[in-house]
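A short write-up of the structure that comes next.
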Amino acid sequence: MIRRLAATAALLAASAAPAMAHLDPAEHGSFLAGVSHPLFGADHVLAMVAVGLWAALLSRAAGGRALWLVPGAFVAAMALGFAAAIAGMALPTVEPIILASVVIVGLLAAAALDMPAGPAMALVGSFAIFHGHAHGGELGGAGALAFGAGFAVATTALHAAGIALALGTARFFNEDVGSAATRLAGGATALGGLWLAFGA
């Protein structure tokens, strides 16, 4: 069992390995450039997977709606942050708050902290605004609508990866092992956020 839990954490860490650069919209198109933006940043990957992990844990305790409401709130708030960035509205400390989101949401999953869907949506949404602002700040020559659609699709896929990890381990093993694996993965994302903040 311990080997399986360790393998799950290692898989999550490997999936979050940073890539070297974002795709160039002139070469690959605005949509694919948008898709690449969260996928090529370890901070975005870890935070978005952690949201999926926590949403899956919340759905077990508070009902299935949290499974899609919490990630949906993240994507919607991220779009607002993106719109603010392309409108020229500045936000303070964007990168530190993005890193804080990795640690905090990872810890929420690690602790399996239960709360109603509404406050959980507000919490992840407050972080998502900063993720979206960071995406908007690197729009460059890409078309805003296609770029935004691209990173929304990638973000949804990363949430789904966290959910699949949580639900898949519960189905493959049992509820207790699945919960332990999900919490371990949440702890791994929090540690990854600390490493990005202080060790990278």
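The values are calculated or read from the model by the stated rules, or taken from the named source; none is laboratory data. As the structure is a computational prediction, the values presented were derived from the model and not from experiment. Backbone-built Cβ (ideal geometry, glycine too); neighbour counts: all protein chains shown.
Restricting to the stretch 36-54, count the residues that are touching a Phe, Trp or Tyr at 6+ places or on another chain (Cβ under 8 Å) and at pLDDT 95 or above.
Total satisfying the criteria: 3.
This table checks each residue for (1) surrounded by fewer than 20 Cβ atoms within 10 Å (Cβ to Cβ); (2) under 14 Å from Gly106 (Cα atoms).
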site	(1), (2)
Gly162	no, yes
Gly168	yes, no
Phe173	yes, no
Gly186	no, yes
Leu194	yes, yes
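Can you find even one residue in the stretch 1-20 that is at pLDDT below 95, closer than 20 Å to Phe151 by Cβ and either of a type outside the set (A, V, I, L, M, F, W, C) or part of a helix (DSSP H, G or I) (or both)?
yes
So which helices (runs of 4 or more DSSP H) stay within the stretch 84-173 end to end and still have 3 or more residues that are at negative phi and aromatic (Phe, Trp, Tyr)? Let's see the steps before the verdict.
Values: elements: 94-111, 117-137, 144-172.
So the answer is 144-172.
Would you pick out the residues in the stretch 90-103 that are among the hydrophobic types (A, V, I, L, M, F, W, C) and free of Cβ contacts under 8 Å to residues at least 40 places away in the same chain?
Step one: of the stretch 90-103, the residues among the hydrophobic types (A, V, I, L, M, F, W, C) are 90-91, 94, 97-100, 102-103.
Once the filter is applied, which keeps residues that are among the hydrophobic types (A, V, I, L, M, F, W, C) and free of Cβ contacts under 8 Å to residues at least 40 places away in the same chain, the stretch 90-103 yields Ala90, Ile97.
Take the residues in the stretch 57-68 that are assigned to a helix (DSSP H, G or I) and small (Gly, Ala, Ser); name whichever of them is modelled with the lowest pLDDT.
Within the stretch 57-68, the match that is modelled with the lowest pLDDT is Ala62.
Confirm whether Gly150 is touching a His at 6+ places or on another chain (Cβ under 9 Å) and modelled with pLDDT of 95 or more.
yes
For (1) out of contact with any helix residue (DSSP H, G or I) (no Cβ under 9 Å at 6 or more places or on another chain); (2) farther than 19 Å from Pro96 by Cα, each residue gets a yes or a no:
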position: Ala144; (1), (2): no, yes
position: Ala164; (1), (2): no, yes
position: Ala170; (1), (2): no, yes
position: Asn174; (1), (2): yes, yes
position: Ala190; (1), (2): no, no
position: Gly193; (1), (2): no, no
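What's the number of the condition Val105 fails, among (1) among the β-branched types (Val, Ile, Thr); (2) surrounded by fewer than 17 Cβ atoms within 10 Å (Cβ to Cβ); (3) under 25 Å from Ala190 (Cβ atoms)?
(2)
Return the total of residues in the stretch 176-186 being touching a residue at least 40 places away in the same chain (Cβ under 8 Å) and farther than 11 Å from Leu46 by Cα.
Looking only at that region, the number is 7.
What are the pairs with Cβ atoms under 8 angstrom where one residue, in the stretch 118-143, is farther than 13 Å from Ala76 by Cβ and in contact (Cβ under 8 Å) with a residue 40 or more places away in the chain and the other, located anywhere, is of a type in the set (D, E, K, R) and part of a helix (DSSP H, G or I)? Sequence gap at least six, or different chains.
Within 8 Å, the pairs are Ala134/Glu95.
Out of everything in the stretch 134-158 that is of a type in the set (A, V, I, L, M, F, W, C) and surrounded by 19 or more Cβ atoms within 10 Å (Cβ to Cβ), what residue ends up being nearest to the chain's Cα centre (by Cα)?
Residues of the stretch 134-158 of a type in the set (A, V, I, L, M, F, W, C): 134, 139, 142, 144-147, 149, 151-154, 157-158.
Now restrict to residues that are surrounded by 19 or more Cβ atoms within 10 Å (Cβ to Cβ): 134, 139, 142, 147, 151-152, 154, 158.
On the way: Ala134: 14, Leu139: 19, Ala142: 23, Phe147: 18, Phe151: 12, Ala152: 11, Ala154: 10, Leu158: 6 Å.
The residue in question is Leu158.
Of these, Pro92, Pro25, Pro71, which one is of a type outside the set (Lys, Arg), at pLDDT 85 or above and more than 15 Å from Val124 (Cα to Cα)?
Numbers: Pro25 fails: at pLDDT 85 or above; Pro71 fails: more than 15 Å from Val124 (Cα to Cα).
Checking each option against the conditions leaves just Pro92.
Go through the stretch 74-83 and give me each residue that's aliphatic (A, V, I, L, M) and either under 22 Å from Leu196 (Cα atoms) or in a loop (DSSP other than H, G, I, E, B) (or both). Don't jump to the end; show me each part of the working.
Here is the first cut: in the stretch 74-83, the ones aliphatic (A, V, I, L, M) are 75-80, 83.
Residue satisfying the conditions is Met78 alone.
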